[in-house]
Amino acid sequence: MPQVALVYHEGYDLNFGDHVFPSVKYRLIRERLISEGLASEQSFHRPEPARDEDLQLVHTEEWIRKLKQGTLSYAEILRLEVPYSQRMVQAYWLATGGTILAAHLALQHGIGVNIGGGFHHAFPEYGEGFCAIHDVAVALRKLQKDEAIKRAMVIDVDVHHGNGTAAIFAGDSSVFTVSIHQFNNYPSEKPASIIDIHLPDGATDEDYLSRLAEACSLAIPAFRPQMIFYIAGADPYVEDQLGGLNLTLEGLKERDSMIFELALANHAPVTVTLAGGYARRVEDTVRIHVNTVEAAQRALRCG
């Protein structure tokens, strides 16, 4: 029976402490997958930190050096909105290595899920919004450099616009970017993706799913990506502290199933990163992310 490839490292915890970003969620997701019989201890692939030369496929040498040496300015730390530490830096390197590994595994198995990653607000020369390194962009460029793929699509369903993604791949005909997000939310400046679905405050399951389905059912077969990078944020959820959409748990499950089924029907392997999630109860964020993995496993079995 086909199995979704899972990637995890205990170092994914960004060590943010008492912060709205519950980076402890990565460990909790892994534990829940095991306790519910969706994975075993042996199911998880362990990544190595990304190499600096791979990061340089997207990021400037100066930004990488600042992160490693701890020489960020006060303004740069404020823009990141997270406390700086060497453990935090190591977590971003590991998450990026995890997304690279998940992408290679997706080519073999059909779907690869990095339990971390999805840091879509990072730009080549700076980070913002909890995102220091754009792991998805690095993994995509790494696969292109290795000639494993030529064309890729990024489908970003985080409640926040994928501004770093849009900026990095602007004008690149080999990468098709899609972002569905709450318009009146972070970031204030939204560089254009190829498809931007700007949702009003309070959008519900019906509006969200119909607009996402319309865009992806046309874009995927037209572009014929050799890989889809799915940034599967949990934060469109109605109880999310940093979101203003009204999606239910069932709506989010339907969202994930739709993307996986469309991708596999069009012969596109999928690399998944679990991205944002800030529900009032961390258990809800964990539940949404676990449901994403379950949807991936179901789609792979049925595909």
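Taken together, the values in this text are just the output of simple stated rules run on the coordinates, not laboratory data. Quick caveat, the model's predicted, so the values are computed rather than measured. So basically every Cβ, Gly included, is an ideal-geometry build from the backbone, and we count neighbours across all protein chains shown.
Some observations on this one:
- For the criterion of being touching a helix residue (DSSP H, G or I) at 6+ places or on another chain (Cβ under 8 Å), within 21 Å of PHE223 (Cα to Cα) and either free of Cβ contacts under 8 Å to residues at least 12 places away in the same chain or crowded, with 19+ Cβ neighbours inside 10 Å (or both), ASP156 passes.
- Restricting the range 105-114 to residues that are assigned to a strand (DSSP E or B) and over 11 Å from ALA275 (Cα atoms), the residue that is nearest to the chain's Cα centre (by Cα): VAL113
- The range 115-153 - residue that is closer than 30 Å to SER85 by Cα, without any contact (Cβ under 8 Å) to a residue 60 or more places away in the chain and not in a loop (DSSP other than H, G, I, E, B) and, of those, nearest to the chain's Cα centre (by Cα): CYS131
- Filter result for the condition that a residue is in a loop (DSSP other than H, G, I, E, B), within 19 Å of the chain's Cα centre (by Cα), at negative phi and surrounded by fewer than 18 Cβ atoms within 10 Å (Cβ to Cβ), over ALA192, ALA234, ALA268: ALA192
- Every residue from the range 134-158 that is of a type outside the set (A, V, I, L, M), touching a strand residue (DSSP E or B) at 6+ places or on another chain (Cβ under 6 Å) and under 14 Å from PHE176 (Cα atoms): ASP156
- Inside the range 156-189, residues that are under 16 Å from the mean Cα position of the chain (by Cα) and of a type in the set (Phe, Trp, Tyr) make up a count of 2.
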